[in-house]
1. Quick one: what does P(r) look like for the chain with 10 Å bins over all Cα pairs, in whole %?
2. Can you give the % of DSSP beta bridges in segment 131-245 that are antiparallel, to the nearest 5?
3. Ranking request for peptides 255-261, 60-66, 304-310: highest mean number of other beta-carbon atoms within 10 Å first, then the rest in descending order.
4. Which ordering of His216, His81 is given by a fewest-first count of other beta-carbon atoms within 10 Å?
5. Rounded to the nearest Å, what's the spacing between the alpha carbon centres of segment 205-239 and segment 271-327? Just the number, please.
6. Rounded to the nearest 0.05, what FRET efficiency do Val68 and Arg322 give with R0 = 51 Å and r taken as the Cβ-Cβ distance? Could you check?
7. Please enumerate, by chain and number, the lysines with C-alpha under 22 Å from the C-alpha of Lys286, excluding those fewer than 8 residues away in the same chain.
8. Under unit Cβ charges (Lys, Arg +1; Asp, Glu -1), what dipole magnitude, rounded to 20 debye, does the chain have relative to its Cα centre?
Amino acid sequence: MHTTRWSRLAAALTLALGLALPGAAPAQNFPPAKPVTLLVGFAAGGAADSSARLIAKKLGENIGQTVVIENKAGAGGNIAHQLTANGPADGTLLLFGSIGPLTIAPHLMKVGYNPFTDLAVVSGGVNFPNVLVASPGAGVKTLADFVALAKKPDARVEFASTGSGSASHLAGELFNQQAGVEMMHVPYKGGSAIMPDLLAGRITSYFSAPPTAMPHVEAGKLIPLATTGLTRPAYLPGIPTVAESGYPGFEALNWYAFVAPGKTPAPLLERWNAEVVKVLNDPETKAALEKLGLTPQPTTRAEFTEFMKKEDAKWSAIIRERKISVQ
């Protein structure tokens, strides 16, 4: 009898200690008792901000808690990623992470975080291809024309980008490698700065985000040559992909994903994954994102981690082989 009483006390103590341990039952703290912050590493009004706000609103409605967007622009998104790596790992902080800081910047410069250890994947978010557009003055109508022009010994063919080490820069370098050409890279400080020079014929081409280029394409002021996904996006069915135009496997997507501080307990990450996937699969949200030219990318945590590893390997190889550096 005495032994049984002590056994019960020991069992109760063990249970109490287990529940008190940090992370022992974190899923019980979901949804968080206080508002959730979703960091965005870019200024308000762009593709990242617009899609993050759309998703955050639905997330908040579903979990019954406010999800506040906080824009922390700067250093190509790296500042927001650093803040997240150092942030609270209690489920109240998420980041709308992006291709540059997660798989490109660490191979070009010193960043204060490791994307695979200091940050934790929650789910894929959205993606979109670039569209390669050329100035009418280039005199090309197809990708084959463009490559032929770029291979002429006396040709001066440039491609603009939104900055050294940006996704549009890496797309151009990947194309240089696979097409066997040497277009000259011309970095700018954003898509809005590129357009006047491209329209005026001062530069030849640009791997552009579709919303930036398509109004000019529709107005007949730019020539669309190819998109950079493996398949044609539903909203650009008439433009072939680079892959189907003679370069099988060519893919250069822009993407955003949901990540959290690296020490966030796995059960909380799984709960957030379920909520994010639910929103990305919601028909209304999906339609609204597609209207912005964005394809929802709901994934498991393992699926997106694998995707990120492949992207990291691809872009690190391009950076090394093309000897890319940040000026």
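Each value in this text was obtained by applying a stated rule to the coordinates, not by laboratory testing. Quick caveat, the model's predicted, so the values are computed rather than measured. Heads up, the Cβs are rebuilt from the backbone with ideal geometry, glycines too, and the neighbour counts pull from every protein chain shown.
1. Each 10 Å bin holds this share of Cα pairs: 6, 25, 30, 20, 10, 4, 2, 1, 1, 0.
2. Percent antiparallel among DSSP bridges in segment 131-245 is about 55.
3. 255-261, 304-310, 60-66
4. Lowest count first: His216, His81.
5. Rounded to whole Å, the Cα centres lie 20 Å apart.
6. Once the sixth-power term is evaluated, E becomes 0.80.
7. List returned: Lys57, Lys58, Lys278.
8. Dipole magnitude for the chain comes out near 460 debye.
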